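K.L.:
My structure is below; once you've seen it, I'll send some questions.
Each value in this text was obtained by applying a stated rule to the coordinates, not by laboratory testing. The shown structure was predicted, so the numbers you read here are calculated from the model rather than taken from an experiment. Cβ: placed from backbone, ideal geometry, glycine included. Neighbour counts: every protein chain shown.
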Amino acid sequence: MLTGLDYAMDDGKSGPTRYRCGDIEIDTGRHRVLRGGTELALEPKAYGVLLELVRRRGAVVARDALLDTVWGHRHVTPAVLNRIIALLRRELGDEADRPHLIRTVHGVGYEFIGIAAETNDTEPARAVEAVAGPAAPMVGASAALPASTVAISPRAARSTLSRTARSLTLALLLLAVSLFVLLAWPPSPHSQSGAADTAPAPARSVAVLPLVNVGGEADHAFFADGISENLITTLSQYEGLKVIGRGSSFLFRDSTEDVAAIGAKLGVAHLVEGSVQRIGDDVRVSIELIRSADGTVAWTRRFDRAYKDLFALQDEITLAVAGALQVKLLHAMPSMVEAGRPASGNLDAYEAYLRAAAEMSVDANPSRKAIDDFEQATRIDPRYAQAWAWLGFARTVYARGNTDRDAVRAAYAQAREAIDTALRLQPEFGQAHAIRANWLGAAEHDWNGALGEFRNALAFVPDNDPTHGAVSRLLATLGRVDEAIAERRKYIDGDPLGAFARIYLAELLASRGRLDEAAASLREADERIIDPAATVRDWSTDEGAYLAILRGDAASALAAVDATKPGAWRERWRALALQVGSDRTAADEALQRLVETDERSKGEAYAIARVYALRGDAGHAFEWLQRDLDRGGTAVHYALFDSLLLRFRGDARFAAYCARAGLPSPLASEAFGLDAIRTSLARR
């Protein structure tokens, strides 16, 4: 049997020297594949897999048979073969959902279904049509495991799982992202993304891609994500190792890109891929460490354990991966609570926690069901600090969305009790300090207390933790823009593909009059938006319109705004853009429409205040700003880095507003007002 590179160097003497299928030609003598006469740049393993499938056309070739033949053993995870199949499909112009060359037989393997012509140098071509359909014989079926336990390849499995578990598998990711997206500030439209950075990847750098749930059941999807999250969290504690945060690495759940492209986008030298499978009371986890530069497998291992030993399994996996990377712990192994696990090791409590996380993944505003599941986790294990902390967070956000004053007060009181319980159980639990900071800002507008709690949190969380993003937002609220920029950049280092993070950065840079840098940050954000129709695209476009407004360029501002989707956001930005133009009638009408909308929704006070500020009408601007504060609105989180409002930084009414909101004096804000920005631009 030919294996590994030996297989790729097969001289073809045992069979035809060439296979042709349409414009595809496999030249076994020169070990190459051509398409339309152009040689394809295939990895040796990709060449080997294609040749094996073509040679066995008319039969379903089991995954294990391919791994045995091409790799020489079965200790390679499903992700490796799936990556190779995805690469072949891309290079050959095939499609997984409408294949004409390689058909996936889920849970079994692959079949070459094209019409191939065999030739030797001295023979004419003879056409052989592969037999397609479920009745085709299967070559090399696994005898070690029943069909239900044959691992489905990670990226192929994604298409099957997407209809049933797409929202669920974002659960743990959303909980962490919520720390800086929701916290005390209103959620902004955002999305994830993926453009490559060009800087060379550090040798000791890694991204953990979401492990694939082989079984497909929703509950097991939570389980697979839990292992992925645990690996990210724990590897982040290792000295000298750059670990990409979940926000960017989880973007590749549905990706069929090759590892070189993924590694380049994430800026890492290594990727961790693998799969998770529940088999009765047992768990099988297959992990591989892949070199991003060339897609070669640096290390691979399969772990089999009883489900009751899940947490020990998670630690074993982390230590094994760290050993393969040749890194050492910066401190002791992270505690159970830092990894999201109950200190008691109670799996029932852990599963209740994961169900709650799934509920929060459906909507950033937690449902009653999410709160109930967090409560269940704490009832099962009253010492489960992680569950208590996130119960407090869920109740805080739930309170912010409630209009009943009594209900709000009660929810905030319950939230504080839960957060205090978490910190009493685990005083050094960083995320709980961040959640308390959120509560202090949302419930009491205690900004300095919130900042103190964030400082406590940063002492206990790794560099890639989203708490850096949350701290940035709070520092901006306090007008400490330069510090906010520094923290935002730290967050971006850990989440290099986060488009929304660069839009936040653009806002901060703009407030300091650094409009060219802000525009560059928006361009970087746009490059990282995967879905052209995503809401974050409009958000970035609106921020581009804002830069034009600050420059006084009405035409560019209106063109940008009119390119976004219709809705309340566009109406607000269009009203602003019209104020810097020459059509005063249109500007007045746009403002009036906002006022009429507010009469119905009571939600436009801050937008109206900004329009009046842009018109130079301080009296009406502060009248509407106070209405927003009385309603518990959003302006309080932006006023001290809003350049439109800060043109009135010396106005006594602004100082009075800040005092009522518990904010520092507007005179202390590092952000520039509109007039200062335009004066600076005019001097260039």
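K.L.:
Once the piece of chain linking W299 and A520 is laid out straight, how much longer is it, given 0.36 nm per residue of separation minus the C-alpha distance between them? Before the final figure, lay out the partial values.
P.N.:
Values: separation 221, 0.36 × 221 = 79.56 nm, distance 3.91 nm.
Full-extension gain reported as 75.6 nm.
K.L.:
Further, regarding this structure: Anything over 31 Å Cα to Cα? Flag those among K265/K565; K45/K242; K242/K369, in the order listed.
P.N.:
On the way: K265/K565 29 Å; K45/K242 29 Å; K242/K369 37 Å.
Listed pairs above 31 Å: K242/K369.
K.L.:
If neighbour count is taken as other Cβ atoms inside 10 Å, put E527, E453 in order from fewest to most. Each step should come with its number before you reach the end.
P.N.:
Values: E527 15, E453 25.
Lowest to highest Cβ neighbour count: E527, E453.
K.L.:
In sequence order, what are the phi-derived ³J(HN,Hα) couplings for segment 666-671 according to the Karplus relation 6.51 cos²θ - 1.76 cosθ + 1.60 with θ = phi - 60°, rounded to whole Hz, with x for glycine and proline?
P.N.:
Ordered by residue, 3J(HN,Hα) equals x, 5, 8, 5, 7, 6 Hz.
K.L.:
Distance between the C-alpha centers of segment 620-684 and segment 417-474? Whole Å please.
P.N.:
Going from one Cα centre to the other spans 26 Å.
K.L.:
Could I ask something else about it? Go through segment 590-597 residue by residue and turn each phi into a ³J(HN,Hα) via Karplus (6.51, -1.76, 1.60, θ = phi - 60°); whole Hz please, and just put x for glycine and proline.
P.N.:
Once rounded to whole Hz, the list reads 5, 5, 5, 5, 5, 4, 5, 5.
K.L.:
Sticking with this one: For T300, enumerate residues with amide H under 5 Å from its amide H, sequence gap 5+ or separate chain, H modeled in the peptide plane.
P.N.:
Answer set, sorted by chain and number: L289.
K.L.:
On to the next question. Through the Karplus equation 6.51 cos²θ - 1.76 cosθ + 1.60, θ set to phi - 60°, convert the phi angles of segment 54-64 into ³J(HN,Hα) values in whole Hz; use x for Gly and Pro.
P.N.:
Computed from phi, the couplings for segment 54-64 are 5, 4, 9, 4, x, 9, 7, 9, 5, 4, 4 Hz.
K.L.:
At 0.36 nm per residue, minus the direct Cα-Cα distance, what do E316 and E589 gain on full extension? Give it in nm, one decimal, please. Let's see the in-between values first.
P.N.:
Numbers: separation 273, 0.36 × 273 = 98.28 nm, distance 6.52 nm.
So the extension gain works out to 91.8 nm.
K.L.:
Among 576-583, 466-473, what's the highest-first ranking by average C-beta atoms within 10 angstrom per residue? Please report the intermediate quantities before stating the final value.
P.N.:
On the way: 576-583: 19.9, 466-473: 27.2.
Going by the mean number of other Cβ atoms within 10 Å, highest first, we get 466-473, 576-583.
K.L.:
Suppose each label sits 7 Å from its Cα in the direction of the beta carbon; what would the E39-R455 distance come out to in nanometres?
P.N.:
Distance between label points: 6.3 nm.
K.L.:
Here is a follow-up. Charges only on Cβ, +1 for Lys and Arg, -1 for Asp and Glu: so what's the dipole of segment 577-671 about the Cα centre, in debye to the nearest 20?
P.N.:
On the way: 12 positive and 14 negative charges, 43 e Å.
For segment 577-671, the charge dipole is close to 200 debye.
K.L.:
Turning to a different aspect of this structure: What's the ranking of 597-606, 516-525 by average number of surrounding C-beta atoms within 10 Å, highest first? Intermediate results must be reported in sequence, preceding the final value.
P.N.:
Values: 597-606: 16.4, 516-525: 19.6.
Per-residue mean Cβ counts within 10 Å order the peptides as 516-525, 597-606.
K.L.:
What are the residues whose amide H is under 5 Å from the amide H of R18, where those residues sit 5 or more places off or on another chain and H is modelled from the backbone?
P.N.:
Counting only residues 5 or more places away or on other chains, the set is T28, T119.
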